[in-house]
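Everything on this sheet refers to the single structure shown next.
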Amino acid sequence: MTLLVFIASLLGAMAIGVPVAFALMFCGVILMWFMGMFNSQIIAQNMIIGADTFTLLAIPFFILAGELMNSGGLSKRIIEFAIACVGHIRGGLGVVAIMAAIIMASISGSAAADTAALAAILIPMMAKAGYNVPRSGGLIASGGIIAPVIPPSMAFIVFGVAANVSITQLFMAGIVPGLIMGLSLVATWLVVVRKDNVAPLPKASTTDRLSATGRALWALGMPVIILGGIKAGVVTPTEAAVIAAAYALFVGMVVYRELKPKDLPRVILQAAKTTSIIMFLVCAALVSAWLITAANIPAEVTRYIAPLIDRPKLLMFVIMLLILVVGTALDLTPTILILTPVLMPIIKQAGIDPVYFGVLFIMNCCIGLITPPVGVVLNVVSGVGRIPLGKVVTGILPFLAAQICVLMLLVLFPDIVIVPARWLH
């Protein structure tokens, strides 16, 4: 009965248009009332405790680093570097989009920001070259969702805090799955692009490639500093976020000189707005998380799926299907915050590696960013690229199928995630 009250109150609040953060708080109040333990201090205390976590300091700094990267010219030079390397092959601009998406993912970790930067620069170029525009938009959206999987990832930080899992281990475990996602998109693109009558870009000379590499070197050095510092144990993910923001600021203002002092208030304000949304969601969700534990809802869920506890792969398939369905209706962060406290006890009871589960959980939530009806990244591509949303949905279908196939592959063969993660850590 407690589970029914939890689901009904949460979905009911969201159905009438209540913002997710307030719906989570409402859900917590209803649960407290149902259990006869209503106390407003519980809400206030859990919200304060939820925000009072050193690890969460990484979120505003990584967001700020992403904003500075896009405003300071780092994104543009990464795309220029990718064009110089692979722009001349058939379907080369699509390969450029994925290559640039992977590099940018290792800097900002924001799917929406990376997608917006790629779409603004590449969609006009792809349209001019004769590519199918909706399909190009679908590819860029699919590439954008690699950002929360490849470190540094704000999604991993949120999951790590909610699930009490090492964020450093999550970062290292996300590298190989993120690269596989990119390779699957490239393979799918090279198959479907044969339908388009496109003119490849001229092949860049060795001098041009060296020049593009030189211009992008400062931008390409950023992921090396972030991941190298974390891997070497020199910095924590939170400290790496501060370094990333300072580095992006220095490169944008001093090296590339595209970021002006007058731009800083706008960039900082935008980062602050995004941070406030995420942090309020985290605080509100931890109220629900505390009550989920107090109401013993994970035990109720476990009773329903008890026959699957001894069959981890089948259990993972069922859980991935659940997350996939939920992800079509909720954004990335709410999905993590709502489902993590419910699912983690089940995952531990089944003996599934929490880091492995965390990577697949985040991948699945990212797929939700490109599935209607919510599809945040779909809307970004539609708005920035000026493509009707319905056409973007049609164009994304082959790439969506490719990402789901990668997810299922990792469910079947967990060692693809676990073995490289142990080696990298």
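Within region 34-47, residues that are farther than 10 Å from residue 284 by Cα reach partners that are among the small types (Gly, Ala, Ser) and surrounded by 12 or more Cβ atoms within 10 Å (Cβ to Cβ) with beta carbons closer than 8 Å, at six or more positions or on different chains, in the pairs 35/294; 35/295; 37/294.
Residues in region 22-42 that are modelled with pLDDT under 75 and in contact with a helix residue (DSSP H, G or I) (Cβ under 6 Å, 6 or more places away or on another chain): 38 only.
Filter region 228-246 down to residues that are surrounded by fewer than 20 Cβ atoms within 10 Å (Cβ to Cβ) and part of a helix (DSSP H, G or I) and give me whichever is nearest to the chain's Cα centre (by Cα).
Step one: of region 228-246, the residues surrounded by fewer than 20 Cβ atoms within 10 Å (Cβ to Cβ) are 228-229, 231-236, 238-239, 242-243, 246.
Next, only the ones that are part of a helix (DSSP H, G or I) stay: 228-229, 231, 238-239, 242-243, 246.
Numbers: 228: 21, 229: 21, 231: 21, 238: 17, 239: 20, 242: 19, 243: 20, 246: 22 Å.
Across region 228-246, the extreme among qualifying residues is 238.
Elements of the type helices (runs of 4 or more DSSP H) sitting completely within region 322-411 and holding at least 1 residues that are surrounded by fewer than 23 Cβ atoms within 10 Å (Cβ to Cβ) and among the basic types (Lys, Arg): these cover 332-349.
Just the residues that are β-branched (Val, Ile, Thr) and either in a loop (DSSP other than H, G, I, E, B) or at positive phi (or both), please, taken from region 95-142. Quick ask: steps written out before the conclusion?
Taking region 95-142 and keeping what is β-branched (Val, Ile, Thr), we get 95-96, 98, 102-103, 107, 115, 121, 123, 133, 140.
The answer is 107, and nothing else.
Residues that are touching a residue at least 60 places away in the same chain (Cβ under 8 Å) and within 16 Å of residue 230 (Cβ to Cβ) within region 406-425 comprise 420, 421, 424, 425, listed in sequence order.
Does at least one position in region 157-165 carry a residue that is closer than 15 Å to residue 361 by Cα, outside any helix (DSSP H, G or I) and out of contact with any Gly (no Cβ under 7 Å at 6 or more places or on another chain)? Step through it out loud before you land on a result.
Step one: of region 157-165, the residues closer than 15 Å to residue 361 by Cα are 157-165.
Subsequent filtering for residues that are outside any helix (DSSP H, G or I) retains 164-165.
Now drop any that are not out of contact with any Gly (no Cβ under 7 Å at 6 or more places or on another chain), which leaves 164.
Yes, some residue in region 157-165 is closer than 15 Å to residue 361 by Cα, outside any helix (DSSP H, G or I) and out of contact with any Gly (no Cβ under 7 Å at 6 or more places or on another chain).
Restricting the first residue to region 6-30 and requiring it to be under 21 Å from residue 277 (Cβ atoms), which pairs with a second residue that is surrounded by fewer than 22 Cβ atoms within 10 Å (Cβ to Cβ) and hydroxyl-bearing (Ser, Thr, Tyr) meet a Cβ separation below 8 Å and a spacing of at least six or different chains? Pairs that qualify, where the first residue is under 21 Å from residue 277 (Cβ atoms) and the partner is surrounded by fewer than 22 Cβ atoms within 10 Å (Cβ to Cβ) and hydroxyl-bearing (Ser, Thr, Tyr), are 26/9; 27/9.
The values are calculated or read from the model by the stated rules, or taken from the named source; none is laboratory data. Predicted, not measured: the structure shown is a model, and the values here were computed from it. A quick note on method: Cβ atoms are made from the backbone with ideal geometry, for glycine too, and the neighbour counts reach across all protein chains shown.
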